[in-house]
Amino acid sequence: MSDTHPWWERGVVYQIYPRSFQDSDGDGIGDLPGIERRLDHVAALGVDAIWLSPIFPSPMKDFGYDVADYCGIAPIFGDLAAFDRLCAAVHARGLRLILDFVPNHSSDQHPWFQDSRSSRDHPRRDWYIWRDAAPDGGPPNNWISDFGGSAWEWDAATGQYYLHAFLKEQPDLNWRNPGLRAAMMDVLRFWFDRGVDGFRIDVLWHIVKDEGFPDNPLNPAWTPDRTERDRVLQLHSTDQPEAHAISADFRALADAYGDRVLIGEIFLPNDRHARWYGTLERPQVHLPFNFQLIENGWDARILHRLIADYQASLPPHGWPNWVIGSHDAPRIAARVGEAQARVAAVLLLTLRGTPTFYQGDELAIGEVPIPPDRVCDPQDLRQPGLGIGRDRSRTPMPWDASPYAGFSTVEPWLPLNPDWPTRNVAAQDRDPASMLSLVRRLLALRRAHEALSVGAMTLLDGDGDVLAYERRVGSERLLVALNLGSVAATFPVPADAELGEVLLSTHPAHGADGKLAADEALIVLLKGKHR
Ligand code: GLC
Ligand code: MG
């Protein structure tokens, strides 16, 4: 293998939602020793890196995305010693460890915010974003929280509003303040020095706001079935030029440590999204998360176009990436059904670009009903009835058929998938036709055939529900053909090639005959045509 591609270009990232991976102390909530205990599962899957959603001390109003101490571990998850053990165990298996960095906001319980709100004269007042009331006493502008309602909260004690892009318990930090910036760079150093291999950076495009705090324009496309946030376009509250400069500073720090990765959470149209790579001279994040497979319909024509447009939008030095599930998005198997979830796994793991694979999708966990009295997600609780609940993708990993699926010894914090007695790791481990077996085969194939990770990609023109592309490196050529439909179909073959061995199918083994069964995905070797 050539060495010109760093590990994060070749590799696959596996997202662990720590509350729901494995409980080790019988409190119904996953924890760090639990993750350590289950590392064999992660290693056997064949991924390269683990990203952990936040594990820091937190009142858990937004399940850890409200950080009260950036350099500690929440007691429910463990302590720094447990973290160091986990980090060493991850590295001992040849895996990398990526943490979640939440720079846009802290918890309102963070000592910095306690200082900031204590008086207008406190030296840390300016570490958060405070503004006087509008002349009528209302909020300073029309900005809306991503979780609904005004993004401003009145603080009676000091007579000003503070900004919160999410919950009022998540006040936005002021990245224009040099003291705050220095303190946050120290946070990155703290974890890099402890050996972490990178960060996923939460809502990176939010971190700086227009200094004049003008009203955001109204969104003409808004309808009442959409979230309140979408009433306005976040023109002045996100994606500011100064945020790009900070992103470049993060990168310079990461590069000083060598061989680390920064993944930025960014939701923007292609042209503005691509800017988060920065320039060759002043790069920004290595991977601005690409959520287009989540945001768009499961349709071969739509996918064809979005893959082409995304590739075309990348700067020459920009490495692509793909995400199909997360702790925020509905489960892929709930969206497209189990048969198509297998096709989706082939797509995610064979497109050109670093894939992020979400825990539980290797079992094709589908819809998990959450009884109303067990809803935890603050976004759902604040805007009920929109069907935006995130709990259904945050349910515990089902490991086996023992009580509570081997996740815990007590009722877990969120319900298990209803089919956990049969849909669990142990059951799928025994079944060569299971989703788990498919994902392992895919990841092994990806490792064995460099064309699938770093090879060039050419989209082919398929008919109807068929999406097909070639991956190629050196003389190795592979064809990936996906049938997104429920009737058999044919797939295109490049004019200068003929079909060789079928390397993988979502269906029982068969030879290459140019056909795809309903819901089938195939990976086939291509041979050059001899004249
Ligand atoms: C990101 C996280 C989400 C969180 C929000 C606020 O979108 O993925 O879970 O609620 O940021 O931190
Ligand atoms: Mg626990």
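The values are calculated or read from the model by the stated rules, or taken from the named source; none is laboratory data. As the structure is a computational prediction, the values presented were derived from the model and not from experiment. Heads up, the Cβs are rebuilt from the backbone with ideal geometry, glycines too, and the neighbour counts pull from every protein chain shown. Side chains are part of the model used for accessible areas, which takes the heavy atoms of the whole protein and leaves out ligands, DNA and RNA. Shrake-Rupley method; radii C 1.70, N 1.55, O 1.52, S 1.80 Å.
Only one of Pro59, Pro33 is within 16 Å of ligand 2 (Cβ to nearest atom), more than 20 Å from the chain's Cα centre (by Cα) and open to solvent by 10 Å² or more (accessible area, probe 1.4 Å). Can you tell me which?
Matching residue, one of Pro59, Pro33: Pro33.
Go through Phe213, Phe199 for me and flag whichever is in contact (Cβ under 8 Å) with a residue 24 or more places away in the chain and within 16 Å of ligand 1 (Cβ to nearest atom).
Just one listed residue meets the conditions, Phe199.
Please count how many residues of the stretch 8-47 are within 16 Å of ligand 1 (Cβ to nearest atom) and of a type in the set (S, T, N, Q).
2
In the stretch 372-419, which residues are touching a helix residue (DSSP H, G or I) at 6+ places or on another chain (Cβ under 8 Å) and farther than 19 Å from His327 by Cα?
Asp400, Ala401, Gly406, Thr409, Val410, Glu411
Taking into account only those residues within the stretch 304-330 that are of a type in the set (Phe, Trp, Tyr) and not in a loop (DSSP other than H, G, I, E, B), which is nearest to Cys376 (Cα to Cα)?
Among residues in the stretch 304-330 that are of a type in the set (Phe, Trp, Tyr) and not in a loop (DSSP other than H, G, I, E, B), the one nearest to Cys376 (Cα to Cα) is Trp322.
Those residues that are farther than 17 Å from Ala345 by Cβ and assigned to a strand (DSSP E or B), I need them from the stretch 467-478; list them, please.
Glu470, Arg472, Val473, Glu476, Arg477 - these are the residues of the stretch 467-478 that are farther than 17 Å from Ala345 by Cβ and assigned to a strand (DSSP E or B).
Can you name the condition, by its number, that Asp84 falls short on among (1) over 24 Å from the mean Cα position of the chain (by Cα); (2) assigned to a helix (DSSP H, G or I); (3) among the charged types (D, E, K, R)?
Here Asp84 meets the rest and fails (1).
How many of the residues in the stretch 62-98 are more than 16 Å from Leu188 (Cβ to Cβ), away from ligand 1 (no atom under 14 Å from the Cβ) and open to solvent by less than 20 Å² (accessible area, probe 1.4 Å)?
Residues meeting the conditions: 8.
Which of the residues belonging to the stretch 16-27 are more than 7 Å from ligand 2 (Cβ to nearest atom) and open to solvent by less than 10 Å² (accessible area, probe 1.4 Å)?
Ile16, Tyr17, Pro18, Ser20, Phe21, Gln22
All but one of (1) among the aliphatic types (A, V, I, L, M); (2) over 25 Å from Thr354 (Cβ atoms); (3) open to solvent by 70 Å² or more (accessible area, probe 1.4 Å) hold for Ala448; which doesn't?
Of (1) among the aliphatic types (A, V, I, L, M); (2) over 25 Å from Thr354 (Cβ atoms); (3) open to solvent by 70 Å² or more (accessible area, probe 1.4 Å), only one is false for Ala448: (2).
If Leu348 meets every condition in (1) surrounded by 24 or more Cβ atoms within 10 Å (Cβ to Cβ); (2) touching a strand residue (DSSP E or B) at 6+ places or on another chain (Cβ under 9 Å); (3) closer than 27 Å to Thr227 by Cβ apart from one, which number is that one?
(1)
Please enumerate the residues belonging to the stretch 293-309 that are surrounded by 19 or more Cβ atoms within 10 Å (Cβ to Cβ) and either of a type outside the set (Gly, Ala, Ser) or free of Cβ contacts under 8 Å to residues at least 12 places away in the same chain (or both).
Residues satisfying the conditions are Leu293, Leu303, Ile307.
Evaluate the stretch 319-326: report whether one residue or more is over 30 Å from Gly485 (Cβ atoms) and surrounded by fewer than 22 Cβ atoms within 10 Å (Cβ to Cβ).
Within the stretch 319-326, one or more residues are over 30 Å from Gly485 (Cβ atoms) and surrounded by fewer than 22 Cβ atoms within 10 Å (Cβ to Cβ).
Looking at Ala345 and the list (1) within 16 Å of ligand 1 (Cβ to nearest atom); (2) of a type in the set (A, V, I, L, M); (3) under 17 Å from the mean Cα position of the chain (by Cα), which single condition is not satisfied?
It fails just one condition, (1).
Residue-wise test of (1) among the hydrophobic types (A, V, I, L, M, F, W, C); (2) more than 29 Å from Val232 (Cα to Cα); (3) in contact (Cβ under 8 Å) with a residue 60 or more places away in the chain; (4) surrounded by fewer than 19 Cβ atoms within 10 Å (Cβ to Cβ).
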position: Ile129; (1), (2), (3), (4): yes, no, yes, no
position: Pro135; (1), (2), (3), (4): no, no, no, yes
position: Trp143; (1), (2), (3), (4): yes, no, yes, no
position: Ala156; (1), (2), (3), (4): yes, no, no, yes
position: Tyr162; (1), (2), (3), (4): no, no, no, no
position: Arg176; (1), (2), (3), (4): no, no, yes, yes
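Only one residue in His5, His41, His91 is more than 24 Å from Val203 (Cβ to Cβ), away from ligand 2 (no atom under 16 Å from the Cβ) and outside any helix (DSSP H, G or I), so which one is that?
Being more than 24 Å from Val203 (Cβ to Cβ), away from ligand 2 (no atom under 16 Å from the Cβ) and outside any helix (DSSP H, G or I) holds for just one of His5, His41, His91, which is His5.
Among what's in the stretch 359-387 and is at positive phi and surrounded by 15 or more Cβ atoms within 10 Å (Cβ to Cβ), pick the residue that is nearest to ligand 2 (Cβ to nearest atom).
Among residues in the stretch 359-387 that are at positive phi and surrounded by 15 or more Cβ atoms within 10 Å (Cβ to Cβ), the one nearest to ligand 2 (Cβ to nearest atom) is Gly360.
Considering every residue within the stretch 412-425, establish whether at least one is part of a helix (DSSP H, G or I), open to solvent by 60 Å² or more (accessible area, probe 1.4 Å) and modelled with pLDDT of 95 or more.
Checked the stretch 412-425: no residue is part of a helix (DSSP H, G or I), open to solvent by 60 Å² or more (accessible area, probe 1.4 Å) and modelled with pLDDT of 95 or more.
Is it the case that Asp40 is assigned by TED's automatic domain parsing to the domain that holds Asp193 and surrounded by fewer than 23 Cβ atoms within 10 Å (Cβ to Cβ)?
yes
Here are Ala329, Ala300: which of them is of a type in the set (A, V, I, L, M, F, W, C) and either under 21 Å from Thr458 (Cβ atoms) or over 17 Å from the mean Cα position of the chain (by Cα) (or both)?
Ala300
With the condition kept exactly as written, say whether any residue in the stretch 275-289 is under 22 Å from Asp328 (Cα atoms) and either free of Cβ contacts under 8 Å to residues at least 12 places away in the same chain or open to solvent by 50 Å² or more (accessible area, probe 1.4 Å) (or both).
Checked the stretch 275-289: no residue is under 22 Å from Asp328 (Cα atoms) and either free of Cβ contacts under 8 Å to residues at least 12 places away in the same chain or open to solvent by 50 Å² or more (accessible area, probe 1.4 Å) (or both).
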